[in-house]
């Protein structure tokens with residue numbers, strides 16, 4: 001009897017310890033997520049970062065995420081295994097003559113594990129962390145740090161094993177997400193919340209994808225940019241502006257490579273003197289210049305801060321290759337923006353024949369990749385028309401057909417300066 005009680009007490013103690021440890025791990029996880037959601041004010045956040053242990057968890061969120069997953073798994077498995085002898089001892093204490101069936105013990109142990117684990121190792125610590133994430137983190141971070149040290153050799157072994165298995169099934173390790181990753185959490189929040197509309201979710205996804213884009217991805221090529229040329233008379237420029245219908249024009253001496261500023265059509269309307277006396281240099285506004293590889297997020301911040309609606313895009317040799325506009329950047333977030341003067345025509349139209357599309361030459365290359373599920377390995381152009389002329393090295397002829405990047409492209413409309421529209425058929429990738 002004494003031995004049975006001793007065994008039962010030891011089993012109860014070890015199960016309790018595992019449940020408490022799992023509870024602290026969950027509390028730490030939820031507290032860290034609350035920090036990542038920005039639900040802790042700046043003053044509290046800075047105070048937390050003064051603690052070296054907490055600061056290490058926050059700054060190494062990828063490692064913290066892996067330790068959290070691994071530690072929770074260990075605790076869960078341990079609770080399940082330890083409850084089997086605990087239940088067996090409980091049966092013995094209830095009736096010394098009882099010899100319970102092994103499967104009955106396992107079934108009861110499983111039921112107890114799920115019930116106790118759900119209440120004491122999940123709901124309770126989650127509630128505490130959600131009520132006060134700062135206090136929750138202060139109380140639990142040491143447990144996570146201890147697990148990080150204690151499980152390091154085992155984690156390294158499983159990490160090597162995981163990489164090997166991923167390689168076998170064709171998955172790249174970089175594709176694995178971190179449970180503390182902000183992008184993943186925001187997307188998950190959007191999916192879980194019924195109060196967030198599909199439009200907002202789509203904007204949230206576009207916002208996250210924007211971080212992988214650069215100025216080059218939203219570029220309007222120089223061949224399609226209408227300029228105000230100082231080497232031509234004012235009436236010729238005004239006729240060109242009237243035909244284009246834009247509000248802003250680069251003010252140049254002959255070409256975009258010698259741009260001295262921007263002209264806004266409103267400034268011309270406000271000119272009180274005769275048209276022939278319009279002083280374009282006096283009316284010009286400053287223009288921003290971005291290298292082609294500037295992150296789009298950075299370009300947006302700078303343009304909003306300086307109140308620029310148009311900027312030049314420059315290559316590594318100092319030549320201007322086109323312009324970007326605030327509207328083109330915002331369209332990456334909210335989708336196509338059209339006013340009453342814009343054409344209603346879509347840039348990519350699916351045709352009745354499967355795998356066939358009509359694609360405008362102005363369509364960004366990354367939009368073509370996404371719509372046709374292709375990978376276009378050409379970072380030197382931003383539009384589909386630019387891709388075609390870049391591959392050919394010339395302006396194609398109408399009706400000309402070319403194959404590139406698993407696409408058969410037929411030129412439908414073209415003028416002396418650029419491609420206008422195309423018909424595209426996706427070609428099946430030949431089997432190796």
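When the range 208-230 is examined, which residues are found to be assigned to a helix (DSSP H, G or I) and surrounded by fewer than 22 Cβ atoms within 10 Å (Cβ to Cβ)?
Across the range 208-230, the qualifying residues are 208, 209, 210, 217, 222, 223, 224.
Taking the options 139, 126, name whichever one is assigned by TED's automatic domain parsing to the domain that holds residue 61, within 20 Å of residue 15 (Cα to Cα) and in contact (Cβ under 8 Å) with a residue 12 or more places away in the chain.
126
Just checking, how many residues over the range 261-311 are in a strand (DSSP E or B) and more than 22 Å from residue 218 (Cα to Cα)?
Selection size over the range 261-311: 1.
Going through 237, 178 one at a time, which residue ends up being surrounded by 16 or more Cβ atoms within 10 Å (Cβ to Cβ) and either under 30 Å from residue 64 (Cβ atoms) or at pLDDT below 70 (or both)?
On inspection, the qualifying residue turns out to be 178.
Within the range 49-72, how many residues turn out to be within 18 Å of residue 24 (Cβ to Cβ) and touching a helix residue (DSSP H, G or I) at 6+ places or on another chain (Cβ under 6 Å)?
9
Before we move on, is residue 225 closer than 24 Å to residue 285 by Cβ, within 17 Å of the chain's Cα centre (by Cα) and modelled with pLDDT of 75 or more?
Judged against the criteria, residue 225 is not a match.
Being modelled with pLDDT of 70 or more, assigned to a helix (DSSP H, G or I), over 30 Å from residue 35 (Cα atoms) and assigned by TED's automatic domain parsing to the domain that holds residue 17: is that true of residue 106 here?
no
Need the failing condition index for residue 381 against (1) assigned to a loop (DSSP other than H, G, I, E, B); (2) surrounded by 16 or more Cβ atoms within 10 Å (Cβ to Cβ); (3) over 25 Å from the mean Cα position of the chain (by Cα), just the number.
That leaves (3) as the condition not met.
Check whether at least one residue in the range 283-295 is over 38 Å from the mean Cα position of the chain (by Cα), in the same structural domain as residue 249 (by TED's automatic domain parsing) and either more than 28 Å from residue 209 (Cβ to Cβ) or in contact (Cβ under 8 Å) with a residue 12 or more places away in the chain (or both), and report yes or no.
Yes, the range 283-295 contains a residue that is over 38 Å from the mean Cα position of the chain (by Cα), in the same structural domain as residue 249 (by TED's automatic domain parsing) and either more than 28 Å from residue 209 (Cβ to Cβ) or in contact (Cβ under 8 Å) with a residue 12 or more places away in the chain (or both).
Considering the range 408-423 alone, what residues qualify as being outside any strand (DSSP E or B) and without any contact (Cβ under 8 Å) to a residue 60 or more places away in the chain?
Those that are outside any strand (DSSP E or B) and without any contact (Cβ under 8 Å) to a residue 60 or more places away in the chain: 415, 416.
Has the range 213-229 got at least one residue that is over 26 Å from residue 361 (Cβ atoms), outside the structural domain of residue 395 (by TED's automatic domain parsing) and out of contact with any strand residue (DSSP E or B) (no Cβ under 7 Å at 6 or more places or on another chain)?
For the range 213-229, residues over 26 Å from residue 361 (Cβ atoms), outside the structural domain of residue 395 (by TED's automatic domain parsing) and out of contact with any strand residue (DSSP E or B) (no Cβ under 7 Å at 6 or more places or on another chain): absent.
Restricting attention to the range 399-420, and to residues there that are out of contact with any helix residue (DSSP H, G or I) (no Cβ under 9 Å at 6 or more places or on another chain) and within 13 Å of residue 359 (Cβ to Cβ), which single residue is surrounded by the fewest Cβ atoms within 10 Å (Cβ to Cβ)?
The extreme case among them is 413.
I'd like to know if the range 342-363 contains one or more residues that are under 26 Å from residue 251 (Cβ atoms) and surrounded by fewer than 17 Cβ atoms within 10 Å (Cβ to Cβ).
Yes, the range 342-363 contains at least one residue that is under 26 Å from residue 251 (Cβ atoms) and surrounded by fewer than 17 Cβ atoms within 10 Å (Cβ to Cβ).
Consider residue 93 against the criteria (1) part of a helix (DSSP H, G or I); (2) at pLDDT below 70; (3) surrounded by 16 or more Cβ atoms within 10 Å (Cβ to Cβ): it satisfies all of them except one. Which criterion is unmet?
(3)
The values are calculated or read from the model by the stated rules, or taken from the named source; none is laboratory data. Note that the coordinates shown come from a computational prediction; the quantities given were computed from them, not determined experimentally. Note that each Cβ is placed from the backbone with ideal geometry, even for glycine, and that neighbours are counted across all protein chains shown.
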